[in-house]
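Some notes on the structure that comes next.
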Amino acid sequence: MKADTNKVRGSGSLWLPPNSRNYQLVYYRHGKVYRESSRTSDERKARRLLQRRVAEANGDFFVAPETRRIKVDELAEDMMRDYKLSGRKSTSDVKTRYETHLKPIFGHLPAAAITSAAIGKYAVDRQEEGAENGTINRELSALKRMFHLGKKCTPRKVADIPTFPRLAERNVRKGFVEDATYQPLADAAASVGIWMRAMFEVAFSFGWRLSEVANLRVAQVNVTGGTIRLYPGETKNDEGRIVIMTDTVRRLLEPCVAGKSPSDYVFTRANGKRVRDFRGAWKKVCEQAGVPELLFHDLRRTAVRNMVRSGIPERVAMQISGHKTRSIFDRYNIVSERDLRDAARAIERRSAEVASAPQRIPDPSAVPDRTSIN
């Protein structure tokens, strides 16, 4: 065994084990000895690493060598547990993202081996696979959450958090239900069933998320009082909401709740089964109405814009649709070509009013000749 004569005073030393090329680090924390391979045969590099480990051991943010071998899979398990304890609705979605995309690349690696370069390469590879930047950001957010939880836990499982890129997201979805498209969609939805027609009208009128519409129970619908209530904890932002039904929504919901108990779901098929996955039915509706690319989520975007167009204060519109932040609300309230045409007509009307008003033409003789002023 070859010991290093240049020890880090009082705290550690280097030594070269027999039949080994790499230097071994030895250092102490609270009287406990820690041994760790430097993974290098370069004495200078090994000594610099030892100095770093000694500094960490004397500081508040020490991570033991065995902890540095913790794999990303273990961090993922901790994150899933945290999500379940917090009752997050996105638990299933995050688990799918991890199992499908992150785990095959990072799961088997030690968390300490995940670098910013590796994360950047993952993002580029996902782009080349055709993934949208927003999708990649969601995946990287999950990975970043794992590292933050690992650093906060006791004892720490993560020493350093790598830098995560934030890819630019573009609101490429601009689908709307234009006025001329509403009736064809309503008729096509009615041909599927009263449940489809009613779901379409609720989403079109109030801009509620698909899950908020599909999970409605009879107890939440007060046909007599004309209200629909979303309970706290059942919405994406966990805040409750209440809306006043339009006459059309009331007429459509009445047969949907008739004869059902308060705990029953509002939207059920003809056989009485709850409506869960209706992508096939919605595709049929859109194709029949001549808008095959329209998404059910586009009804939310449409409702937001229609409320603003109707003169509803944005604060009230946000309360109805359930938008908690102004930035997301503004993304949905996209100015359309029709809005721009309306603006152009308003400008023209104003210009015509100005042009028709008597004009005051200045008398040239009354205007001082500034060229003669010294």
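Side notes on the structure shown:
- Test: residue in region 224-245 that is without any contact (Cβ under 8 Å) to a residue 60 or more places away in the chain and acidic (Asp, Glu): yes
- Sole residue being under 18 Å from Arg301 (Cβ atoms), among the aromatic types (Phe, Trp, Tyr) and outside the structural domain of Ala117 (by TED's automatic domain parsing), chosen from Phe164, Phe206: Phe206
- Every residue from region 50-62 that is assigned to a helix (DSSP H, G or I) and among the small types (Gly, Ala, Ser): Ala55, Ala57
- The residue that is nearest to Trp195 (Cα to Cα), counting only those in region 255-296 that are touching a Ser or Thr at 6+ places or on another chain (Cβ under 7 Å) and outside any helix (DSSP H, G or I), is Val275.
- Taken over region 63-95, the criterion of being touching a helix residue (DSSP H, G or I) at 6+ places or on another chain (Cβ under 7 Å), assigned to a helix (DSSP H, G or I) and either of a type in the set (Lys, Arg) or touching a residue at least 40 places away in the same chain (Cβ under 8 Å) (or both) is satisfied by Arg68, Val72, Leu75, Ala76, Asp78, Met79, Asp82, Lys84, Val94, Lys95.
- Residue in region 194-201 that is under 21 Å from the mean Cα position of the chain (by Cα) and either at negative phi or modelled with pLDDT of 85 or more (or both) present: no
- Tabulated pairs, region 186-207, first in contact (Cβ under 8 Å) with a residue 40 or more places away in the chain, second surrounded by 21 or more Cβ atoms within 10 Å (Cβ to Cβ) and hydroxyl-bearing (Ser, Thr, Tyr), C-beta under 7 angstrom, 6+ apart or interchain: Phe204/Thr302; Phe206/Ser321; Gly207/Ser321
- For first residues located in region 138-163 and under 20 Å from Arg126 (Cα atoms), partners that are among the polar types (S, T, N, Q) and part of a loop (DSSP other than H, G, I, E, B) and lie 6+ apart or on another chain with Cβ distances below 7 Å form the pairs Pro162/Thr115.
- Looking at Ile334, Ile312, just one residue is modelled with pLDDT under 85, in a loop (DSSP other than H, G, I, E, B) and more than 22 Å from the chain's Cα centre (by Cα), and that residue is Ile312.
- Boolean, Val33 is part of a strand (DSSP E or B), modelled with pLDDT under 90 and aliphatic (A, V, I, L, M): yes
- All of Tyr182, Tyr231 fail the test of being among the aromatic types (Phe, Trp, Tyr), at pLDDT below 90 and within 30 Å of the chain's Cα centre (by Cα), apart from Tyr231.
- Taken together, the residues in region 260-309 that are of a type in the set (S, T, N, Q), in contact with a helix residue (DSSP H, G or I) (Cβ under 9 Å, 6 or more places away or on another chain) and more than 23 Å from Tyr231 (Cβ to Cβ) amount to 3.
- The listed residue being crowded, with 22+ Cβ neighbours inside 10 Å and more than 19 Å from Leu294 (Cβ to Cβ), out of Ile194, Ile242, Ile228: Ile228
The values are calculated or read from the model by the stated rules, or taken from the named source; none is laboratory data. Every value quoted in this text rests on a predicted model; they were computed, and no experiment measured them. In this analysis, Cβ positions are derived from the backbone assuming ideal geometry, glycine residues included, and neighbour counts consider all displayed protein chains.
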